[in-house]
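The values are calculated or read from the model by the stated rules, or taken from the named source; none is laboratory data. Bear in mind the structure is a predicted one, so any value in this text is a computation, not a measurement. We place every Cβ from the backbone using ideal geometry, glycine too, and count neighbours over all the protein chains shown.
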């Protein structure tokens, strides 16, 4: 779909708003609108945790003079083209009698949260082989459900609980058949886009931790109920559940304290495989159904990484293999059977659209792919009107800007004149006038206009966020290579997994330097590896125990990058984008 002029859309219509009046009896000292609204049960989106840096907690003030805006708030509201009545709830002190219009599903003005596309399969058709192992070790029913009796059919639910996205699979425990899949945004994201922000929120008060667990289980139950309705069966036929997720998400699911995970030395309440009665946790299931959470490697390398390693067949491979799970948290493992190194990178939420001015998750209406030819061409998830840009779209536009010399290797957006000169000097086609005209400057920074009608654009600030995220992933990989004393050339296969990785354009990923040079031909996209591993664990108690042994025996060594002297050096070097092969050749020619 090519961006075209369309009738201008309203940023927000009244039908999608809820009117709220601030009541003095419900206020607490120091309340902002954000803290007040949340305490009353309103889910106000604040990926930054209410620190005023994301611009997503928008509310509209109706009956009072707008308080003075902070410079940061002015800048964010200006970038979002919000009318003057719109304010950031975290920047406004609550006052008795204040009337507020609150978007029911706030991501951006005029944007409703949409259903995440559900094509997050065990494999993408191109690399199906690794996922055959999901069913190779399927156990018999007596081993899975010692109590099963004769209530059949016996169904199970496998869950991949990501920081941003949750995927639930419904399986027949006897045949292994996948009966249905549901994927949706993690509702906790309104309390922070990343795990550290949510941990800080959970550690503030006991009821905060409980609320994070409650909204998570409620949303999972909604997905389970929908799956069972589509299967025309009552929920009592769910006899076993498994969950893969990062360590923090599994703590929230089980209602365990994250007090030790908010600061160094980052200790978790548990790492080992956990078993709970599902119904006692509040999950929809048979009264005797057990929930099994996969073992975690470390406080910030969870059961999702272990599940991805298992589903890629890496755990049993004699070859040196690398698995990279790119999401809100970047989790990476390198090694061969019996000896692995793993790490977690503070990649931030840029890959999931967090802290990107027009960023959003992989939902309907998100621009997911972009190409630059004579003008901008883009596609959206669900072929809907564009509402923002998701991670794969951000990587695409950055790669295309680099290719067209409208972004230099340092990440700086040049002026149109500078871009044309750089292209000419690099002996690449000079961007056409339509493209150069989209490279603009406002009062604060340069930006590239993607869609004129909706105002969707990529700012210089967004490019910097992406640089931090991709730099962390790259540096993490290099630290693991150094730890194992190997070279990139020795890596046989790179498994790229995760919801974001599933839709990533590999050419663009290597163009921006997300992964080390020379690995592109070895890279395989395997879809939702954590979900596939959770399904394998659902069908095999044997696998659960084997994986627990692998972690318990220390076969996966966790590298704390904060303690690695080389990480900062690698990270700083990885911030710049690679020079194109042509630019390198020209530079070498000039030097000679």
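Results, tabulated for the structure shown:
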{"read-out": "Residue pairs meeting the criteria (Cβ under 7 Å; at least 6 apart or on separate chains; first more than 15 Å from residue 393 (Cα to Cα) and in the same structural domain as residue 389 (by TED's automatic domain parsing), in the stretch 448-462; second at pLDDT 95 or above and assigned to a loop (DSSP other than H, G, I, E, B))", "value": "460/413"}
{"read-out": "Qualifying residue in the stretch 489-503 (condition: without any contact (Cβ under 8 Å) to a residue 60 or more places away in the chain and within 19 Å of residue 345 (Cα to Cα))", "value": "no"}
{"read-out": "Pair list, Cβ under 9 Å, 6 or more apart: the stretch 262-282 residue free of Cβ contacts under 8 Å to residues at least 12 places away in the same chain and assigned by TED's automatic domain parsing to the domain that holds residue 250, other residue surrounded by fewer than 11 Cβ atoms within 10 Å (Cβ to Cβ) and in a loop (DSSP other than H, G, I, E, B)", "value": "279/287"}
{"read-out": "Residue that is modelled with the highest pLDDT, among those in the stretch 232-289 that are on the phi > 0 side of the Ramachandran plot and out of contact with any helix residue (DSSP H, G or I) (no Cβ under 6 Å at 6 or more places or on another chain)", "value": "232"}
{"read-out": "Only one of 197, 214 that is assigned to a helix (DSSP H, G or I) and either at pLDDT 95 or above or in the same structural domain as residue 53 (by TED's automatic domain parsing) (or both)", "value": "214"}
{"read-out": "From the options 377, 419, residue that is within 27 Å of the chain's Cα centre (by Cα) and farther than 18 Å from residue 501 by Cα", "value": "377"}
{"read-out": "Evaluation of residue 210 against (1) surrounded by fewer than 23 Cβ atoms within 10 Å (Cβ to Cβ); (2) more than 21 Å from residue 308 (Cβ to Cβ); (3) in contact with a helix residue (DSSP H, G or I) (Cβ under 8 Å, 6 or more places away or on another chain) (one fails), failing number", "value": "(3)"}
{"read-out": "Residues (in contact with a helix residue (DSSP H, G or I) (Cβ under 7 Å, 6 or more places away or on another chain), surrounded by fewer than 24 Cβ atoms within 10 Å (Cβ to Cβ) and either without any contact (Cβ under 8 Å) to a residue 40 or more places away in the chain or at positive phi (or both)) located in the stretch 366-382", "value": "371"}
{"read-out": "Residue within the stretch 456-467 that is out of contact with any strand residue (DSSP E or B) (no Cβ under 8 Å at 6 or more places or on another chain) and in a loop (DSSP other than H, G, I, E, B) present", "value": "no"}
{"read-out": "Some residue of the stretch 390-405 being assigned to a loop (DSSP other than H, G, I, E, B) and surrounded by fewer than 24 Cβ atoms within 10 Å (Cβ to Cβ)", "value": "yes"}
{"read-out": "The lone exception for residue 192 - which of (1) within 20 Å of residue 283 (Cβ to Cβ); (2) crowded, with 24+ Cβ neighbours inside 10 Å it fails", "value": "(1)"}
{"read-out": "Unmet requirement for residue 468, which otherwise passes all of (1) at pLDDT 95 or above; (2) within 29 Å of residue 161 (Cα to Cα); (3) surrounded by fewer than 22 Cβ atoms within 10 Å (Cβ to Cβ)", "value": "(1)"}
{"read-out": "Residues of the stretch 219-237 satisfying the condition of being over 28 Å from the mean Cα position of the chain (by Cα) and either closer than 26 Å to residue 327 by Cβ or not in a helix (DSSP H, G or I) (or both)", "value": "231, 232, 233, 234"}
{"read-out": "Residue tally, condition buried (at least 18 other Cβ atoms within 10 Å of the Cβ), over 17 Å from residue 21 (Cβ atoms) and modelled with pLDDT of 70 or more, over the stretch 81-102", "value": "4"}
{"read-out": "Lone qualifier among 335, 303 - being more than 30 Å from residue 361 (Cβ to Cβ) and surrounded by 22 or more Cβ atoms within 10 Å (Cβ to Cβ)", "value": "335"}
{"read-out": "Number of positions in the stretch 237-283 that are touching a strand residue (DSSP E or B) at 6+ places or on another chain (Cβ under 7 Å) and over 25 Å from residue 529 (Cα atoms)", "value": "3"}
